[in-house]
């Protein structure tokens, strides 16, 4: 009997339970399909959450983890498979009377079983999407562009080959390259960097050192190239230790320090001798060998005559098919003395010009015969300046020269628009002004009078071009411009200041400002001092009645000096990265068209700002402490075209028509009064703060970020 019972149990296991499961599949078809629908919806929601994190990471230029990308792909495939099944199931139901068909197996059992299996797969995939993070940061990659025809130059090819050989020598750690300005040292080290990374020999960090060496900046830029996050509270020694530790752990590092002007303490930077390969460029051999201690120095010579002509011919192209022009071109190229910057600048200026222009360039060069090479270079660059078509592009180059070698495009727009230069004649909107300035910048780049940088937001001039631009500008107007650590000795005499039209101090140590700066013709005053607590005397601006542009950067002040109300012609005011308390006095500057507070610290945008009815740009980006914008201030700025508030401000109030007077903060509905608004950047807590039709129909560029969810629209 016991044996019989065991047999009965086994028969039940193999017959009754499977049959029960099959019957369950037939009976519970609807429940299983509904369950699949529900799980697919959950998977879609889970995918949406991960996708939001991925989108945010991409906006921050982070790299997405490989398993996250694979999961998203698998999710899409799973959702497509499930939806296809659900679609087919609906079609079957339509063909059957009340969902019943003669064949239970084909119409109910199989679909029910498949729905169950698909739901299980959906649940498994959903669980796999619980990622601790979706992305990781990587250092920004440099783009090493190689000049057309560069490899064909034997003089360059041989030195590049020699340097690459020296860099692979385990006994060589520090190499110097020296040569005169404009000979192509920067182009050379870019080519070396490109080869080193392409051949996977080194991880490369290239930093421009420049005049008046700023060790803090250099150290931070090197760290940034390697993706190192350095705490802002660390001392230079602390940062140096972190940098040294990183290099020790990551071998095969090449650091290129370009354009060294003075003694550089590499150990202070975190680059003690022997820890990695260091390549330096300078105009002085003694500086490299005697003071810095390079183990080997290589001189970069000028191009050979054939190389100069090859480069020249490559740029002017079809122009030299004319035999007369070709003969003149060969002579022009020969008199460039093998200096690449001069060859390129003159060739681009002559491209497409008549024989008369070619002859004029040659005549000028003959006048310079017997002079030093830098004088020839100066004359050649000035000739290229004279060939620029239109006074607008010429005046832009001179403004760039007076202000310095490096410029943020947005700052240049604020300055030039505020000065009311002729280049904006006939321009009616800020959007048109932006396009106009960009077109002129492109012309200067096409003429090689501005460098073609990889970062389009920044503009840069070659040393020689910068010197020439300043030299030309000084003939027509007096200006005072000190840049990046230049030593400030004393203020010029009264006669100079009375004629001065531009003063620019960028990151300069100024011991003290005069009580009253008497500059009746001054149109632009820019001050970025090394000391944040540099007091601005009460009457400092009293005798600057013609001032049109005022830029006070990184200044700490309780309030603006009272003499600011004398600036009746002021068009642009930049108070960027400042620590401010009371800014109500800005409301007295009724002529203002551009007002910028980028990165400044203050809590209240007062009602007095609403008096600036001519304002066209209000830039409040990165004002992290801004808490209150007085109600009706924004709606009063009826000519506003650009409102930039990419900051932490999200305290927009919901406008209540019956209680407008009780509001303590701005409402987004105020923006509907700004009929000229074309560019907008704001943060909101959520869609509930947005009202219907609160934006101008002219709005072209906009960025609305929902801070609560980290969503950008």
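Using 0.36 nm times the number of residues separating residue 124 and residue 409, minus their current alpha carbon distance, what extension gain do you get?
97.5 nm
May I ask you to derive the FRET efficiency for residue 169 and residue 306 from their Cβ-Cβ distance with R0 = 56 Å, giving the value to the nearest 0.05?
That gives a FRET efficiency of 0.95.
Taking the beta-carbon count within 10 Å as an exposure proxy, list 479, 157, 540 from fewest neighbours to most.
Ascending number of Cβ neighbours within 10 Å: 157, 540, 479.
Packing-wise, with mean Cβ within 10 Å as the measure, how do 396-404, 258-266 rank, highest first?
My ranking of the peptides, most packed first, is 396-404, 258-266.
Let me have the relative contact order for the chain, percent, based on Cα pairs under 8 Å that are six or more residues apart.
The value is 6 percent.
How many nm separate the modelled label positions at residue 161 and residue 356, each set 7 Å beyond the Cα in the direction of the Cβ?
In this crude spin-label approximation the distance works out to 4.8 nm.
Taking the Cα atoms of the chain, report the difference between the largest and smallest coordinate on each principal axis, in whole Å and largest first.
123, 74, 58
Would you please put 120-130, 613-623 in order of how densely packed they are, using the mean number of other Cβ atoms within 10 angstrom per residue and starting with the highest?
Top to bottom by mean Cβ count within 10 Å: 613-623, 120-130.
Assuming R0 = 45 Å, can you tell me the calculated FRET efficiency for the pair residue 650 and residue 491, based on Cβ-Cβ distance, to the nearest 0.05?
For R0 = 45 Å, the calculated efficiency reads 0.50.
How much length is gained on full extension from residue 456 to residue 513, taking 0.36 nm per residue of separation minus their Cα-Cα distance?
Between residue 456 and residue 513, full extension yields an extra 17.0 nm.
Rounded to a whole number, what is D in µm²/s for region 430-479 from Stokes-Einstein with the Kirkwood radius over alpha-carbon pairs (20 °C, 1.002 mPa s)?
The calculation lands on 175 µm²/s.
With a point put 7 Å past each Cα toward its Cβ, work out how far residue 327 is from residue 582 in nm, to one decimal.
7.8 nm
Short version: what are the Cα gyration tensor semi-axes of region 571-713, square root of 5 times each eigenvalue, largest first, in whole Å?
Semi-axes from the Cα gyration tensor: 21, 17, 16 Å.
Under the Kirkwood approximation applied to all pairs of distinct alpha-carbon atoms, what is the hydrodynamic radius of region 150-299 in Å?
Value: 15.6 Å, from the Cα pair sum.
Tell me, what is the percent relative contact order of region 305-387, built from C-alpha pairs under 8 Å that lie six or more residues apart?
After rounding, I find 32 percent.
Rounded to the nearest 0.05, what FRET efficiency is calculated for residue 475 and residue 363 with R0 set to 30 Å and r the Cβ-Cβ distance?
Efficiency, rounded to the nearest 0.05: 0.90.
Taking the number of other C-beta atoms within 10 Å as the exposure measure, put 110, 49, 156, 195 in order starting with the fewest.
In increasing order of surrounding Cβ atoms, one gets 49, 110, 195, 156.
For every helix of n ≥ 4 consecutive DSSP H residues, a contribution of -39,500 (n - 2.57) applies; sum these over the chain, divide by its total residues, and give [θ] at 222 nm rounded to the nearest 500 deg cm²/dmol.
For the chain, the value works out to -13000 deg cm²/dmol.
Restricting the count to DSSP beta bridges whose residues both fall in the chain, what percent are antiparallel, rounded to a multiple of 5?
Looking only at bridges with both residues in the chain, the antiparallel portion is about 10 percent.
No value in this document is a laboratory result; all are computed from the given coordinates. Quantities reported herein were computed from a predicted structural model and do not represent experimental measurements. All Cβ positions, glycine included, derive from the backbone under ideal geometry; neighbour counts span all protein chains shown.
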